[in-house]
Amino acid sequence: MKAVAIIGSPREGGNTEILSRHTLKAIESEGLETEIIRLAGLDIHPCNACMVCRQEERCPINDDLFPIYTKMKEAEAVILASPVYFGSVTAQLKAFMDRAGYIALPKRVLAGKVGGPLVVARRAGQNFTFAQIMYWYHVLGFYMPGSTYWNIAFGREKGDVEEDEEGLRTVWNFGKNIALMVKKLKA
Ligand SMILES: Cc1cc2nc3c(=O)[nH]c(=O)nc-3n(C[C@H](O)[C@H](O)[C@H](O)COP(=O)(O)O)c2cc1C
């Protein structure tokens, strides 16, 4: 049983990655395997609406998307994590969500998996961005466990999020619930 976290921040080792690693640690503590996937530095183009994926489970744009799509398909749980950029997810994560989501949609390929968003910002926009990512999970038929608060945190410079005790506790509890839900669904 495996959980992957896909990180939409272009900043390696930043707050989004710290939050994601913390969540994955909680998941590992329940015995699941985990993997971090950073979109930083990858070549992932936006959707060009060619509609090939309506007929076949593939995308004709030849870039770094499909290997990540395959990892997502193989995992039981998928976490999407993003910093807030102008009140929204990063362009990198949006391109990934649009294309991977549309490839998966016709055959309900991701339905029944477990997942949810993690979001971090300096000051504002976490709730909107959290909701934005939840729309993706909802349409694709994921199960999303709760936590003890929404999975949001505060931080600006790399590492600031370590000071957000409630944010870390929330994503830890979310990770625990992800793992418990995966195990219950598999039982
Ligand atoms: C282009 C850009 C836009 C941003 N927009 C917002 C914003 O709308 N609200 C906010 O509170 N922080 C905003 N921030 C700050 C980041 O969300 C914050 O620094 C976050 O911790 C970055 O996460 P990372 O370390 O994983 O990259 C923005 C940062 C950048 C670079």
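Checking the Cα-Cα distances for Lys71/Lys183; Lys94/Lys184; Lys2/Lys158; Lys158/Lys183 against a 25 Å cut-off, the pairs over it are Lys94/Lys184; Lys2/Lys158; Lys158/Lys183. Both the radius of gyration and Dmax for region 1-64 are 15.3, 43 Å, in that order, over alpha-carbon atoms.
The Rg/Rh ratio for region 90-136 is 1.02, where Rg is the radius of gyration of the alpha carbons and Rh is the Kirkwood radius. Cα extents for region 41-90 along the principal axes, largest to smallest and rounded to whole angstrom: 33, 28, 21. Dividing the mean sequence gap of close Cα pairs (under 8 Å, 6+ apart) by how many residues region 1-134 holds gives a relative contact order of 31 percent. Projected onto planes of every orientation and averaged, the convex hull of the alpha-carbon atoms in region 29-115 covers 6.6 nm². Highest mobility in the GNM of the chain, judged by mean-square fluctuation with C-alpha springs under 10 Å and restricted to Asp63, Asp164, Asp98, is found for Asp63.
Using the alpha-carbon centroid of each, what span in Å lies between region 1-73 and region 146-187? About 18 Å separates the Cα centre of region 1-73 from the one of region 146-187. With 10 Å bins beginning at zero, the pair-distance distribution over Cα atoms of region 2-186 amounts to 10, 40, 37, 12, 1 %.
Here, each number is a calculation from the coordinates, and none is a lab measurement. Just so it is clear, the structure is predicted and the values come from calculations on it, not from any experiment.
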